[in-house]
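Visitor: The structure that follows is given in the form of C-alpha cells.
The values are calculated or read from the model by the stated rules, or taken from the named source; none is laboratory data. Predicted model, so just to flag it, every value in this text is computed and none were measured. Every residue, glycine among them, receives a Cβ derived from its backbone with ideal geometry; neighbour counts consider all protein chains shown. Note: areas computed on protein heavy atoms with side chains; ligands, DNA, RNA excluded. Shrake-Rupley method; radii C 1.70, N 1.55, O 1.52, S 1.80 Å.
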There are 2 protein chains.
Amino acid sequence: MYRTNTCGELRLTDAGKQVTLAGWVQRIRKMGGMSFIDLRDRYGITQIVTENETLNESVSKLGREYVIQVTGTVKERQSKNSKIETGDIEVVLEKLNVLNPAEVPPFTIEDVSDGGEELRAKYRYLDLRRNPLKKALELRHRMAHEIRNYLDSQNFMEIETPYLIKSTPEGARDFVVPSRMNPGQFYALPQSPQQQKQLLMVAGYDRYFQIVRCFRDEDLRADRQPEFTQVDCEMSFVERDDVLEVFEGLIKTLFRNVLGKEFNEPFPRMPYSEAMDSYGSDKPDIRYDMRLHEITSLVKGHDFSVFDSVEYIGGISVSGGAAYTRKQVDELTEWVKRPQIGAKGLVYLRVNDDGSFKSSVDKFYTPEDLKAIAQACGAQKGDLVLILAGGKKKTQTALGALRLEMGNRLGLRDSSVYAPLWVVDFPLLEWDDETGRFYAMHHPFTAPKPEQLKEFYSDRKEDLEKVNANAYDFVLNGTEVGGGSIRIHDAEIQKRMFEVLGFTPEDADYRFGFMINAFQYGAPPHGGIAFCFDRFCALFAGQETIRDYIAFPKNNQGRDVMLDAPSRIDQVQMDELFLSSTCPNND
Amino acid sequence: MYRTNTCGELRLTDAGKQVTLAGWVQRIRKMGGMSFIDLRDRYGITQIVTENETLNESVSKLGREYVIQVTGTVKERQSKNSKIETGDIEVVLEKLNVLNPAEVPPFTIEDVSDGGEELRAKYRYLDLRRNPLKKALELRHRMAHEIRNYLDSQNFMEIETPYLIKSTPEGARDFVVPSRMNPGQFYALPQSPQQQKQLLMVAGYDRYFQIVRCFRDEDLRADRQPEFTQVDCEMSFVERDDVLEVFEGLIKTLFRNVLGKEFNEPFPRMPYSEAMDSYGSDKPDIRYDMRLHEITSLVKGHDFSVFDSVEYIGGISVSGGAAYTRKQVDELTEWVKRPQIGAKGLVYLRVNDDGSFKSSVDKFYTPEDLKAIAQACGAQKGDLVLILAGGKKKTQTALGALRLEMGNRLGLRDSSVYAPLWVVDFPLLEWDDETGRFYAMHHPFTAPKPEQLKEFYSDRKEDLEKVNANAYDFVLNGTEVGGGSIRIHDAEIQKRMFEVLGFTPEDADYRFGFMINAFQYGAPPHGGIAFCFDRFCALFAGQETIRDYIAFPKNNQGRDVMLDAPSRIDQVQMDELFLSSTCPNND
C-alpha cells in the first residue's frame, strides 16, 4: 500500500503520528522559507508543510496534478481551516516521492473550471477530478445502493436481461448489432427490457427489478443520451395502488436516506386531464400554484374575433405581476411567440392596486367583464393575468410553458424544495394524423382501464380516444422521472390492442409472437414502473441536466469525444459481417 | 392486491385465518369426494382442499399452470408433509377465481423436466418456472447483493461505464454498432470496461467497481456466451498484495453469507510455473493432490526412443489405480489420444500390492529403474503411474487434463468442497509463431514485474519471454473465476509495451491515444481484478455450466431461441444506417 491514510481522514486526534499519504498536488504555496502543498485524493485535501531547505527545493519542482507520496508527522495547525474536514491539522513533510509527474492540465481542476465544455469533454478524466462531478457520481452510487437495498428488502430480485435482443421497431429507432455468426441478421440493443420483464412475471418471478442500460437511436435533443439508465421494475398479482404504494415507499426511502428529507403524507395523485387543465402539462411542477383557468365561455361573444374564433381561451394569474412594465409584457409576448411555444399572441389583464383594470383588450370588455375574468383566474389586486387562445391542447401546453417561465422568473422553482406527484389516468391511445393510426401512448402492453373495455372494443375512433390507460407517471418538480402501468395479461385483450394499433395478425406475430404465445401459458396479472435513473440523480441534486451524473456521457451528436467514438472500422471487420457501406462520403 | 399471503408463507400458527392466495396450479388430485390443488408461486407451494361439490366441479375444470386466486380458511393438515415449509397446513377452499387459463405446457414444470434443451430454450419463460432455475437466479441475486454490500463497505463506488465505445480490435472480435448520426462509423460494445476503469483511476476515483455486461464476438464453444457479466474492480495506490487482500475478503464474505462456509486461513498462492509443473494447468483444481512429476532425466537414455526424443516426460500417480484392468488402461490410452488431449500414447507403471512392478515399458527398464520412477511420482503399493511424453507445455497440459479426468473418475472433485487459490506470476507475453509477434497474455495494460524492467527493455526474444506480469488469477475448483493485474501507470513503460506488441506509434496512438494521453496527466499506481460473475454463481452452486445462471441465455450459435434473434431488419433501417448486405444467401 502506498499510504497509511487518505487525504480526508486525519484529525487533531492523529497529531504526533507518522503517516504516509498519496494523491494529487492541488496547489503549492510558498511563504518565507516554508512550502505548503494541498494534497488531494477522493476523500479530501490535506495540507503538507515543510521548512526544510532540501525538501523545499523538491517541492518547488512539483507541478499541479503531480501524483506524489509524502511521509511526515501530523501536527496541529496554527491557523485552522474550518472549511475542510482536515483543517485542524497539517503533515510536516519528511519524505517526498514523485509517483508520476503530470503535464499542466488544459483547464483548472477547481469547483468552477476555466475550461470550455468541449475541452472538458475531451479530457473527461481530468474533468471528473473536479469536486462537483465527484459529488455527482458519489450521489449516483449512493442512490443505486439505496434503491437496491430497499427493493431487496421488499423481496424484489435483480435479474439481468439480455442486451442483444430482437429489433421490434415501434416507437423510437433501435440501435442494431450485425451478427457475424448469423450473416445478414442483426440483434437490437433494448430500448427497455419491457418484454423480458413481463416474461419474468409469466415465469413466476413475482417481483423483479434491474438497474439497466437502455438504448434509443433518436435525434438527440439537449440532455438526451443514446444510452441511458433505467431502474426497471415489475410485480405480479398487483393492482395500480399496490404498485404506487411500493414505489412511493422507495422514493420516500431515498429522500430519507440520501437527502435526509421526510415525507410523511402520501404523494398527491392527479389525473392527466386535471394536469392538462390546471397546469398545461402532463408533468406539472406543483411547487407553486399559478394554475391555468379556462375562460372560454366568459370571453367569447364580445366581438373580439381572436377569441371568438378559437376552441380554448385560458389564463394564469401572476402574483405581483401588475408591476410589470409595458416593455416587460411585450418581451413576454415575444417569448410566447417563439416557435418552441408557438402562441399567436398574448393578452394581458392588469389588476391595479386600486382595483381598476388595464388590459390589452379593453375596447372589447367592460370593467365588469374584466373583473369577472380576473376573478375566474384567481387574480388579486397587484396581479397580472396572462391569457392565451387557440386550439385546446396546444394552448394549454403553451400556457403551461408560460407558467413555468413565470415560475422561474419569480424564483418559485426552488431546487431545494421537492414536490413529488403521481399523474394517473392517461389516455391509452394517441391518434396520429400523418399515418392515420393510433399509437400506444405508453407502449402496446399497457392495459386499458377495466371499466372501459366496452369502448376499447368499439370501432369508433371517438370511443377509443376516450379510453384511459391503467398507467401512472412519477413526476418530481415538473420532470417526469418514472412511468409505468398495469399490463395486459389477457391474450385476447392483447390481440385487440395490436388490432387497434393497426398491426396485422402476421405483423403482430412477427414482432411479438413469443409474447402472445407466452400469455397463453398462464400469465398473472402484473404491472410495473421504470425510473429514468440519470434524471432521478440529477433532480435529487437539484440539477436539471443529466450529463454530470454520467461518468462518460455522449455529446449532442452522440459522440464520445474522449474516445473519439464512433469511428471507422477495418474493412476486415466489415467483410466478416457481410456489410458494405453505402455512405456517399465514405472515402 | 390479489392475495393476502404468498404460497410459501402460511404456518400452523395461521390456522383459522381466512386468506387469499394466487398462483399457478402445480397439480390437482382427486380422492373420493375431495379435490386437492397444489398452488405454486415463487415463494412455495400451498395445498388447497375442498369437498364441496360445486367447488369440486370448478376445480375439475382447471388445468396445469392455470393462474388462479383462491380464498379459504387455513387448517391443520391431517397428514403433514415435512418436505415443504407449508406442509403443516392446508387451505379449505371457499372461493375459486380463474385469473388466466393456460394451454398445456409443452413440457413438465418439475425439478427434472421431460422437455429437451431446444424446446425448453424456446419456452424459456416456462423453463424458468422450474425450481432449479429459480434457485439459480435467486442465488445470483443474492451473490450480486452481497458483492455490492461488501464493496460499498470497502469504499468502492459503483460507476457505470458506457456500452457504446470505440472498437480497438486486440484479442477477441468486437461486436459493432453502426451509427446513424455518424454515417459510415461504428461504435463497439465493450469486451470489458478496462480502459474506462483505468481512466477512473486517473480521475482519482480510488476504488471503483461495476457489475457489468461485456461482449465478445467469438466462435462460441460450449458454455461461452456472446454477452456475459463481469464483476469489474479497480483500486489506486495499491500493490499486488493489497488487491489480493481486499478481494480475498470479498470471496470469504460471499462464502460466509451465501454458503455459510468459513475460510479462516489465507487462500494459497501459487506461481504460474508451479501450477504448470505440478498440475499441468494455469488453473489447478487443488481439491486433491495427484500432482505431475517430471521424470525426464530419470527415464532418458534407456534406449526407449519415444522418451529419448522428447523434451519432457512426466507422470501422475493414481491412488489405488493398480487395480485397473488392461482394458481400462487401453481405454485411458484412447482417451489421451483424442484430439482434444492430443497425446501420442500413454505409458503406465503399476505398483502391485506385493511391491513388484508391471509397466508397458518393462523391456527398457530394470525393476530398480521402475522403482525409481514410481518413487519420483510418489506412487505407493496399489497405485498406477500414468506417463506422457512430448513437448513440455503440451505434455504438461495433457497430463493436467488426464489428472482432472482421473479426479472425476475417482470422485475426487466433490462439488460441495471449495478449494480457492490465487495463481500469480504469469508470463507477461506470449509469442505467436503465425503472426511473428508477441501478444499480451492478459492485456496491453498489465505491468511487468518491477524487478524485471531490464529484460522488458531488452531486444532479445528470450529475455522478453522471461518477463513475468504483475498479474493474478483467482481459481476455484479448477476454474478461473477472476483475473487481474497491477497496471502500467508510467507513460514510458506503456509506450514500450505497445512497441513490444509490435504496434507502430501511429497504431498505438489511433487505438489507445487517449489512454497514453491520460497517463501524462498524473496517473496513480493502480491495479484491479475482474470476476466472471456467471461462472462465479454456477460454481457457488456446485455447477459447471453457466447457462442456468443466466435468465435469457443464447445458444451455441449465439441465438436467442425464444426471441428468434438475431433476425433480418427492414431495408429502411439498413438505408438509414447507410449499410447494405454483401451476404451471398441474402434473399
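Visitor: So, with a 1.4 angstrom probe, what is the percent of accessible area on chain B that is carbon and sulfur?
Guide: Ligands and nucleic acids excluded, carbon and sulfur reach 47 percent.
Visitor: For chain B, what is the relative contact order in percent, using Cα pairs closer than 8 Å and at least 6 residues apart in sequence?
Guide: 13
Visitor: In whole Å, what is the distance between the alpha-carbon centres of the stretch B:97-120 and the stretch B:255-274?
Guide: Rounded to whole Å, the Cα centres lie 40 Å apart.
Visitor: Got a sec? What order do B:LEU453, A:LEU10 fall in by accessible area at 1.4 Å, biggest, i.e. largest, first?
Guide: In descending accessible area the options line up as B:LEU453, A:LEU10.
Visitor: Here is a follow-up. With r as the distance between the Cβ atoms of A:GLU53 and B:ALA172 and R0 = 56 Å, compute the FRET efficiency 1/(1 + (r/R0)^6) and round to 0.05.
Guide: Rounded to the nearest 0.05, the efficiency is 0.50.
Visitor: Would you please name the trypsin sites (Lys or Arg not before Pro) within the stretch A:15-72 that are DSSP coil residues with at most 15 other C-beta atoms within 10 Å of their C-beta?
Guide: A:LYS17, A:LYS61
Visitor: Buried accessible area between B and A (1.4 Å probe, both chains summed, ligands and nucleic acids excluded), in Å² to the nearest 100?
Guide: 11800
Visitor: Can I ask one more? If you count only protein heavy atoms with a 1.4 Å probe, what accessible area per residue comes out for the stretch B:12-100, rounded to a whole Å²?
Guide: Heavy-atom accessible area per residue stands at 49 Å².
Visitor: In nm, one decimal, shortest first: how far is the label point of B:PRO367 (7 Å from Cα along Cα to beta carbon) from the matching points in the other copies?
Guide: Nearest to farthest, the other copies are at 13.5 nm.
Visitor: Same structure again: Check cross-link reach from A:LYS461 to the aspartates and glutamates: straight Cα distance under 15 Å, and skip same-chain residues fewer than eight apart.
Guide: Counting by Cα, and skipping residues close in sequence, A:LYS461 has these aspartates and glutamates nearby: A:GLU430, A:ASP432, A:ASP433, A:GLU499.
Visitor: Put +1 on the Cβ of every Lys and Arg and -1 on every Asp and Glu Cβ in the stretch A:288-409; which of A:GLY390, A:TYR348, A:VAL306 then has its Cα farthest towards the positive end of the dipole?
Guide: Ranked along the dipole, the leading option is A:GLY390.
Visitor: Further question on the same structure: How high is the relative contact order of the stretch A:12-100, given as a whole-number percent (alpha carbon pairs under 8 Å, six or more residues apart)?
Guide: Reported as a whole number, the value is 33 percent.
Visitor: Pairs B:LYS283/B:LYS393; A:LYS30/A:LYS135; B:LYS300/B:LYS371; A:LYS283/A:LYS394: which exceed 19 Å Cα-Cα?
Guide: Over 19 Å Cα-Cα: A:LYS30/A:LYS135.
Visitor: Using only Cα atoms, locate the centre of the stretch B:409-460 and the centre of the stretch B:168-217, then give the distance between them in Å, rounded to an integer.
Guide: Going from one Cα centre to the other spans 23 Å.
Visitor: On to the next question. For the stretch A:425-494, what relative contact order do you get, as a whole percent, if you take Cα pairs closer than 8 Å and at least 6 residues apart?
Guide: 33
Visitor: Which of the lysines could a cross-linker span from A:LYS252 if the Cα-Cα distance has to be under 17 Å and same-chain partners fewer than 8 positions apart are dropped?
Guide: Hits, sequence-local ones excluded: A:LYS261.
Visitor: Further, regarding this structure: So what are the ³J(HN,Hα) numbers for the stretch B:571-578, from phi and the Karplus equation (6.51, -1.76, 1.60; θ = phi - 60°), rounded to whole Hz, Gly and Pro as x?
Guide: 4, 4, 4, 4, 4, 4, 8, 6
Visitor: Pop out the Kirkwood hydrodynamic radius of chain B from its pairwise C-alpha distances, inverse of mean 1/r, in Å to one decimal.
Guide: For chain B, inverting the mean 1/r across all distinct Cα pairs yields 28.5 Å.
Visitor: In the stretch A:223-284, which GluC sites (Glu not before Pro) fall in coil by DSSP and have 11 or fewer other Cβ atoms within 10 Å?
Guide: Sparse-neighbourhood loop GluC sites (Glu not before Pro): A:GLU262.
Visitor: A further question follows. Just from its helices, what would the mean residue ellipticity at 222 nm be for chain A, if runs of 4 or more DSSP H residues each count -39500 (n - 2.57) and the sum is divided by every residue, rounded to the nearest 500 deg cm²/dmol?
Guide: -8500 deg cm²/dmol
Visitor: Another question, then. To the nearest 20 debye, what charge dipole does chain A have about its Cα centre, counting +1 at the Cβ of each Lys and Arg and -1 at the Cβ of each Asp and Glu?
Guide: Value, rounded to 20: 1620 debye.
Visitor: Whole-Hz ³J(HN,Hα) for each residue in the stretch B:447-461, computed from phi via Karplus 6.51 cos²θ - 1.76 cosθ + 1.60 with θ = phi - 60°, x for glycine and proline: what do you get?
Guide: 7, x, 4, x, 6, 10, 4, 4, 5, 5, 8, 6, 8, 8, 4
Visitor: Positive end of the charge dipole of the stretch B:12-100 (Lys, Arg +1 and Asp, Glu -1 on Cβ, about the Cα centre): tell me which of B:ASN56, B:GLY72, B:TYR43 has its Cα farthest that way.
Guide: B:TYR43
Visitor: Any idea what the B:MET31 label distances to the other copies are, label 7 Å down the Cα→Cβ vector, nm, shortest first?
Guide: Those label-point separations list as 8.9 nm.
Visitor: With every protein chain kept in the model, how would you rank B:LYS300, B:LYS197 by accessible area, 1.4 Å probe, largest at the top?
Guide: The residues order as B:LYS300, B:LYS197, largest area first.
Visitor: Using Cα-only point scatterers and the Debye equation, what is log10 of I(q)/I(0) for the protein assembly as shown at each q in 0.05, 0.09 Å⁻¹, rounded to two decimals?
Guide: -0.44, -1.28
Visitor: Leaving ligands, DNA and RNA out of it, work out the accessible area of A:TRP335 with a 1.4 Å probe and give it in Å² to the nearest 10.
Guide: The accessible area of A:TRP335 comes to roughly 40 Å².
Visitor: Just report the Cα centroid separation between the stretch B:509-523 and the stretch B:121-149, whole Å.
Guide: Centre-to-centre (Cα) distance: 41 Å.
Visitor: Right, next: How much FRET efficiency would the formula 1/(1 + (r/R0)^6) give for A:ARG409 and A:ASN155, where r is the Cβ-Cβ distance and R0 is 51 Å, rounded to 0.05?
Guide: According to the calculation, E is roughly 0.60.
Visitor: List, shortest first and in nm to one decimal, how far the label point of A:SER60 (7 Å from Cα along Cα→Cβ) is from its counterparts in the other copies.
Guide: The projected label point of A:SER60 is separated from its counterparts by 10.4 nm.
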